[in-house]
Every structure is written in C-alpha cells, then in structure tokens.
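Report on the following structure.
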C-alpha cells in the first residue's frame, strides 16, 4: 500500500507542477518555466519507474502463486499491505 501512496503523490505533484509551470510561462517567465519543466520531467520519470516496480512485483507474486497451485487473485492478496 505504501508504494501506491507514493505513486499517487508523484502523479499529483506532477500535475500541480504542470499547472504552476503553465501559469509562470503565461506570465512571461520563460526561463523559470523551462527549469520547472525539467523538474516535472523527473517527477514523471519517477512515477513511471515506481509504477513499473509495482507491476513487476505483482507479476512476480502472481507467478509464484500460480506455481504453488493457489488462486492468483484472492481477497487476502488484494488487501495485502505492502509495508
């Protein structure tokens, strides 16, 4: 669950940074807006990598469950805490 919270924070901060950047660019501060776009790109890359890691963990967990002959999706697996 912790990774999903981090993912949500990264995505929301990327959206907020994009809004702030567009306002600053509209006001005429192009150089500052360009720097913020670079920072925003790092947020987007971090969110992508975090999402990839979450999916990879899920696929590894599903493969392990399938090899053990257990059902892949169970209520306990869906409610499992990633702490």
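Key figures for this structure:
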item: Share of pairwise Cα separations in segment 2-78, more than 22 Å, in percent; result: 46
item: Gained length - residue 57 relative to residue 23, 0.36 nm times residue gap less alpha-carbon distance; result: 8.4 nm
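Values quoted throughout were computed directly from the atomic coordinates according to the rules given, and no laboratory measurement underlies them. Note that the coordinates shown come from a computational prediction; the quantities given were computed from them, not determined experimentally.
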